[in-house]
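Notes to accompany the following structure.
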Amino acid sequence: MKLIIQIPCLNEAETLRIALDDLPKHIEGIDEIEYLIINDGSTDNTVQVARDWGVNYIVSFANNKGLAKGFVAGLDACIRNGADIIVNTDADNQYRGEDIEKLVRPILDGKAEIVIGERPIDDTPGFSPLKKKLQHLGSFVVRKASATSIPDAPSGFRAFSRDAAMHLNVINNYTYTLETIVQAGRNQMAITSVPIQTNPELRKSRLFHSMGGYIKKSILTIIRAFMMYRPLVFFTIVGLIPFLIGLFLGVRFIFFFAAGEGNGHIQSLVFASTLMMLGFMTFMMGLQADLIAANRKILEDVQYRLRRFESGDRDNSRVKDKPEEDSGPRGGDGAEAVKS
Ligand SMILES: Nc1nc2c(ncn2[C@@H]2O[C@H](COP(=O)(O)OP(=O)(O)O)[C@@H](O)[C@H]2O)c(=O)[nH]1
Ligand SMILES: [Mg+2]
């Protein structure tokens, strides 16, 4: 059982060593722990710090591609290097190394495929009251959109089983946190949450620039994810609004018409039929989106099979032991292995 702990980094030379030093070296039930950092076009000596510390893998981009791309590239490298479990944590020492054990336990016990660390948001001194409220609200919306009960959706402290990591798909450029939960929930993956502690802030957040920007990006991300995974429900709700208003106006017209006052209300009749048509067409768009979503399911399945094929995973459903005809470790060309 191999665990790879990955850390996405953008100019983290100052705090990376502190975060790395805090990571666990042994966890019960895990045979081997390796460490990977994603250097997303850092302009300081993040990479040197990581090398000096002795991380096993460095995935490096020449320019900044954003956290979501970095995260996915990290997962990919972990899979190719034979990780059975992948933990994602932050370079600013926000999360505690000792909590990684809690994060991987449900996966080791076969109870979950994705585990999200729940921060004590209300007791975090670094968060303003507004940020706390927003994080709660965001998590509430994600819970509804994903049909899960994850209390802290934007948390970056997570563990994934190898299989879950192979299933994941991130389209958003800004953040992977919300989208992956909606995806996991809607695809019936076993996703759970464990309470964890956080450390006091060493620096300001790189992702949370302005309140307005954060809200806008989060809302768009959630709507988009919901639209992708529940298109028919989404478009039916959107279409129902003009349809019902139109229906109301139409009934109102019939009422006037019956009373012999139809002539004065032709405008509202035109408006009513336009709204009802709009609503109906939105519903039809939902049907089309639903068909497209069915195609995406097939594509996701193909992608998953391709990832398994690429990494040489064999079927492991056999109960009876067969003599090993092993051909070395899983995964061939490891990404940028530091020590090999
Ligand atoms: N790959 C990558 N990582 C980033 C980027 N921005 C931030 N990070 C990393 O994401 C983690 C969380 O960032 P942080 O600024 O602490 O945001 P917070 O979660 O709001 O505290 C840290 O490890 C950062 O180095 C980016 O553009 N690309
Ligand atoms: Mg942070």
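Values in this text are rule-based calculations from the coordinates and carry no lab data. All of these numbers come straight from a predicted model, not from anything done at the bench. A quick note on method: Cβ atoms are made from the backbone with ideal geometry, for glycine too, and the neighbour counts reach across all protein chains shown.
Going by C-beta contacts inside 10 Å, put Arg308, Arg162 in order with the fewest on the left. Before the final figure, lay out each step's value.
Working: Arg308 16, Arg162 23.
Arranged by neighbour count, lowest to highest, Arg308, Arg162 become Arg308, Arg162.
Taken over the stretch 65-172, the alpha-carbon convex hull comes to 129 cubic angstrom per residue. By other beta-carbon atoms within 10 Å, ranking Phe309, Phe157, Phe271 with the fewest at the front produces Phe309, Phe271, Phe157.
Are there DSSP H segments in the chain that both extend 18 Å or more along their axis (alpha-carbon positions) and score a mean Kyte-Doolittle hydropathy of at least 0.5? List them, or say none. Walk me through the intermediate numbers first.
Working: long enough: 67-80 (20 Å, 1.02); 129-146 (25 Å, -0.33); 211-229 (27 Å, 0.78); 231-258 (39 Å, 2.29); 266-310 (65 Å, 0.48).
For the chain, where a helix must reach 18 Å along its axis and average at least 0.5, the hits are 67-80, 211-229, 231-258.
Taking 0.36 nm per residue of sequence separation and removing the Cα-Cα distance, the Tyr304/Leu207 pair yields an extension gain of 32.0 nm.
Based on alpha carbons, the Rg and Dmax found for the chain are 24.6, 89 Å. Over the residues of the chain, the helix contribution to mean residue ellipticity at 222 nm works out to -16000 deg cm²/dmol, using -39500 (n - 2.57) for each DSSP H run of at least 4. Residues Val182, Val59, Val270, ranked from the fewest to the most other C-beta atoms within 10 Å, line up as Val270, Val59, Val182. Need one word for the stretch 183-270: rounded, prolate or oblate. Basis is the Cα gyration tensor (sqrt eigenvalues a ≥ b ≥ c); a/c below 1.5 gives rounded, then a/b vs b/c decides. Prolate.
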